[in-house]
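Worksheet: the structure to be examined is printed underneath.
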2 protein chains.
Amino acid sequence: MLGFQTSETHSFRPQSSRISISPPTGSTLDERMAYASVRKLESKEHVFCEGDPRLHVFRVEEGVIAIYKTLCDGRRRIIDFAYPGDLIGLGALEEHILSAQATCTSKVRCLSASALEAFAETDANLALKLYKSVCQELAATRSLLVTVGQRSAVERVASFLLALHRRSGDADGSTVTLAMRRSDIADLLGLTIETVSRTLTKLRTMNVIEVEQGGTTVTLCDVARLADLANE
Amino acid sequence: MLGFQTSETHSFRPQSSRISISPPTGSTLDERMAYASVRKLESKEHVFCEGDPRLHVFRVEEGVIAIYKTLCDGRRRIIDFAYPGDLIGLGALEEHILSAQATCTSKVRCLSASALEAFAETDANLALKLYKSVCQELAATRSLLVTVGQRSAVERVASFLLALHRRSGDADGSTVTLAMRRSDIADLLGLTIETVSRTLTKLRTMNVIEVEQGGTTVTLCDVARLADLANE
DNA sequence: GGCCGCCTGTTACATTCTCTCACAATTCGT
DNA sequence: ACGAATTGTGAGAGAATGTAACAGGCGGCC
């Protein structure tokens, strides 16, 4: 969920006249990405697991990747869903401290972690991009923390739907696609799958949302009301 | 909670032979900090509030600063406690999106945000430091997310005590100081003050902790058991 | 094609936990 | 020492969970 848009042009201080000239070949993130290998993932397949050596940084191309941590008793706490354009695997050191798993058929692009970070050592521009990206991820994680910290299940689910809508649903208006299982949503929000299901039903009977065909597509009928329920 | 140790020397890639030579004066963060003004805060006094223009970045010198967000209905969700050495105010743009409030008598050092970030544009080393710092904060926020996402009150309180112990309690063994009110802990963990109080009592009767004088000092009698209760 | 098992999602009911509201006990500041 | 603020404790209400049963979709298999 880093929101690392490699094509974004506004620098950290837009008023600055400094422009970093890209070295001739393979230097910008876009170029590096273009040469990076693509890996296709089936649903529930792992990109990496806790404890794996951190060899690569990945950019999501298609699908949704769940970033999660496994607790001692086997429960799974999803920290974040990564969507196309997001970078995953940044910030860790020698080993991954979280696991990453596809919630549906997905594609990721692999980039050497050491090469990226070595290059950032000499390029303030790239380093700042990394900084900005992690800042965005931090903001998203904080937002999720606020959501999960809220008591009621309705608030959490409503917040989740709104966040999904804000992120993915600019185009087709008020329809969002849940590209993950109920169990994934439950593990993200700290609820059970039954509670998620019940809450969606509740929102449906309140005429705030409509759920279609197998529960993968949700239409937000009353965004204002949903925002009210989410306390936002 | 950025854990931005300005004196840390290991670079992002320790094996790299590149060393950034600091410009003659006022360039390193330590030097800038030395000249920065110190502001003293009483308990419950604000460092900044949501919506304030982001003029400064602050480093906590003494005390504890609660970083929080206010919800529509007036509830307060604490995102983080910042301890001495931590930087706060990074990552935002024009305005602060969170509030920062002292939980006890504290001191912070003020640093111009624009100056710091302008300097980072030309110094990959500083930019990388910022990057690493935010990564640390991200890890801490994720850790808190795992804690809050856990269902039971015992797990949350136990996790909180352990986190506090890991952070502050290297020196005096197993004693941690709660430099904040019960209400602050409750708003961090998504519980009520009554539940926090009851849970501490429960842990006390289980002989896992000891609480002394007004509940500000806690001794962890059985760290292993506490970790078990916290599911860590 | 039809049968079967597997997985996911939904719903109902009993249980358990936290929250709300009440008030007592303690600490702290003046 | 007094009053205000904070903390601790109890009883009842409410909400989420756990358990269980059931419906629907999907693929394998005969």
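Read-outs: derived from the displayed coordinates by stated rules, not from any lab. Remember, it's a predicted structure, so these values are computed and weren't measured experimentally. Positions of Cβ are generated from backbone atoms using ideal geometry, with glycine treated the same way; all protein chains shown enter the neighbour counts.
Taking R0 as 30 Å, what's the FRET efficiency between residue A:114 and residue B:122 from their Cβ-Cβ distance, rounded to 0.05? Don't skip to the answer; put the middle values down first.
Values: r = 24 Å, r/R0 = 0.81.
It comes to 0.80.
Using +1 on the beta carbon of Lys and Arg, -1 on that of Asp and Glu, and nothing else charged, what's the dipole of the stretch A:107-232 about the Cα centre, debye to 20?
Charge dipole, the stretch A:107-232, about its Cα centre: 220 debye, nearest 20.
Once both labels are modelled 7 Å past Cα along the beta-carbon direction, what's the residue B:228-residue B:49 spacing in nm?
For residue B:228 paired with residue B:49, the spin-label model returns 4.8 nm.
Place +1 on the Cβ of every Lys and Arg and -1 on the Cβ of every Asp and Glu in the stretch B:54-191, take the dipole about the Cα centre, and give the residue among B:165, B:111, B:63 whose Cα lies farthest towards its positive end.
Looking along the dipole axis, the top candidate is B:165.
Counting only C-alpha contacts under 8 Å and six or more residues apart, can you give the relative contact order of the stretch B:29-140 as a whole percent?
37 percent
Explain nothing, just the number: dipole magnitude of the stretch A:29-142 about its Cα centre with +1 on each Lys and Arg Cβ and -1 on each Asp and Glu Cβ, in debye rounded to the nearest 20.
Taking the Cα centre of the stretch A:29-142 as origin, the dipole is about 340 debye.
Give me the percent relative contact order of the stretch B:169-232, please, defined on Cα pairs under 8 angstrom at least 6 residues apart.
For the stretch B:169-232, the relative contact order is 33 percent.
Any idea how far apart residue A:73 and residue B:219 come out in nm if each label point goes 7 Å out from Cα toward Cβ?
With each label placed 7 Å out from Cα toward Cβ, I get 2.9 nm.
How large are Rg and Dmax for the stretch A:150-229 when calculated on the C-alpha trace, in angstrom?
Just the Cα atoms of the stretch A:150-229 yield Rg and Dmax of 11.3, 31 Å.
Suppose the chain between residue B:198 and residue B:94 were pulled fully straight at 0.36 nm per residue; how much longer would it get relative to their current alpha carbon spacing?
Additional length available on full extension: 33.3 nm.
If I model a spin label as a point 7 Å beyond the Cα along the Cα-Cβ vector, how far apart are those points for residue B:38 and residue A:207 in nm?
Result for the modelled spin labels: 6.3 nm.
Peptide B:142-155: average number of partner chain Cβ atoms within 10 Å per residue?
The per-residue average across the peptide is 6.
Show me the trypsin sites (Lys or Arg not before Pro) within the stretch A:44-99 that DSSP assigns to loop and that have at most 16 other Cβ atoms within 10 Å of their Cβ.
Counting only loop positions with at most 16 other Cβ atoms within 10 Å, the trypsin sites (Lys or Arg not before Pro) in the stretch A:44-99 are A:44, A:75.
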